[in-house]
Every structure is written in structure tokens, then in C-alpha cells.
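Presented below is the structure to which this report refers.
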Amino acid sequence: MISTENYSNLPDRHKLKEICKSISVIDAILSEDWLGRYFTYNSKWAEGEEFGSMKNGEGDELLILFRNDGCVINGMTHEFYPIDKSRLTTGLPKIYHEFIFGEPVHSIGTTFCIWTNNSNAWQIGEVENFEDGSIDMLNIFNGNPQTYIDWATDYYEDGFVVNENTLKVVTEIYQGKALTKSMVLTINSDIDDWKQLQEDLAEINYPNDLS
């Protein structure tokens, strides 16, 4: 399991970025409406920066900033809010201050914060109580495609029908294989807005052969 109590189980920031992109691609396939998606990814967040997010529709959010020289994760779960943010961010490098103390993170709130730099070693601040909701948010990043399938089966219910090829296709997306129409239809046979999906893939910066 991955949480702030065992944050060293997080994959390195490069692998984490690829997982964030992969699960955002699958969510874009399952939910053509952006507002209905759980995971999103913006490869064009700012110059030299990319952004991944998770929203469960009930106010809990995970926001991840990827920079060329590091990565920072902000988690917010209402069940455990508020927690002393000044302690959670003790030792946070200044390169992340604008993101963590600015908007939209400031308004959303923080119950846990994890960061890394070019050394790829994850770090946390002063944490007194590990009951912060991180275990429910972070375990999706364990790199196992089946973890996503299990989660999506529960979250999307009848909107995600698992078949004999689902694991194979989800695994291929986790591996960064260029997305084809056949792969898309394996996950969502009812998709009809291919133009929107291509735009989503461009924002995520994920390879595809949908034209």
C-alpha cells in the first residue's frame, strides 16, 4: 500500500507521471464529459510544468505538479481537514511554494504533501498522524493495471464493462503504447465523440493512431 506512512513505495516521479497520463487517458475514454472524469492530466500546464489531478466529485482532490527538476503532490480529504499545513510543508523546497501556497491549492486545502527533486527520493514534512486520507488516494499509483480496473469497475459501475481483452489493453496503455480505435472500443464500445478524444489525448500528450 502507498500512503504518507510508507511514501517511499511511490514510484519515482518519471514513472508517476506516466501512470497519471495513462489513467487519465482511460478516464477520457470512459467519460466523454470532462466534468465526469476522476483523473485528468494537462501536459501544457505552464512552461516546463505539467499537472495531474484527481477529483472524486465530493470535494476530495489530489493535485500533482511535475517540473523538469522535481514533483510535488498535494492531497485534500475533507474527512481529515484541517491539518496544520505549516507542519506538513516543513522543509518544502521554495520551487514548490507558488504551487502549494497559491491557487488553486490554497482554496482546496491540504491534508498531506509529498515532494521529490532530481534525487527521486520522496519526502514529507512533520507528520504527527498518518490518518490523512492518503492511502485511499495514492494506492492507484502502484503501477498495477489491475488496480485501475478494480477501481474503475466500482466507480463507473455499468459504464465500465470488463471483457477478456480489458486487462491487455489497459496494460498496453500503462506501457505507453499508441492508442488505436480498437483499443478504445475495447474499453468503451459506445464512444462516439472521436474528435473530443483526440483533443484530450493532445492535452495529455499521449501517442495515438486515431486519425
Scan of the range 129-151 for residues that are in a helix (DSSP H, G or I), closer than 13 Å to Asn6 by Cβ and not hydroxyl-bearing (Ser, Thr, Tyr), ordered by number: Ile135, Leu138, Asn139, Phe141
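Take Gly75 and tell me if it is touching a Cys at 6+ places or on another chain (Cβ under 6 Å), closer than 16 Å to Met137 by Cα, surrounded by 13 or more Cβ atoms within 10 Å (Cβ to Cβ) and in contact (Cβ under 8 Å) with a residue 24 or more places away in the chain. It would help to see each step written out before you state the result.
Details: touching a Cys at 6+ places or on another chain (Cβ under 6 Å): no; closer than 16 Å to Met137 by Cα: yes; surrounded by 13 or more Cβ atoms within 10 Å (Cβ to Cβ): yes; in contact (Cβ under 8 Å) with a residue 24 or more places away in the chain: yes.
So Gly75 does not fit the description; no.
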Filtered residues of the range 79-110 (kept if surrounded by 14 or more Cβ atoms within 10 Å (Cβ to Cβ), closer than 21 Å to Arg13 by Cβ and of a type in the set (Phe, Trp, Tyr)): Tyr96, Phe99
Members of the range 156-182 found to be surrounded by fewer than 15 Cβ atoms within 10 Å (Cβ to Cβ) and either assigned to a strand (DSSP E or B) or in contact (Cβ under 8 Å) with a residue 40 or more places away in the chain (or both), listed by number: Gly159, Gly176, Thr180
Sole exception among (1) at pLDDT below 95; (2) polar (S, T, N, Q); (3) more than 13 Å from Ser31 (Cβ to Cβ); (4) outside any loop (DSSP other than H, G, I, E, B) for Gln196, by number: (3)
Candidate set: the range 111-128, residues that are of a type in the set (Ser, Thr, Tyr) and touching a Gly at 6+ places or on another chain (Cβ under 7 Å); chosen: the one farthest from Ser8 (Cα to Cα): Thr111
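The values are calculated or read from the model by the stated rules, or taken from the named source; none is laboratory data. Model, not experiment: these values are computed from the prediction. Backbone-built Cβ (ideal geometry, glycine too); neighbour counts: all protein chains shown.
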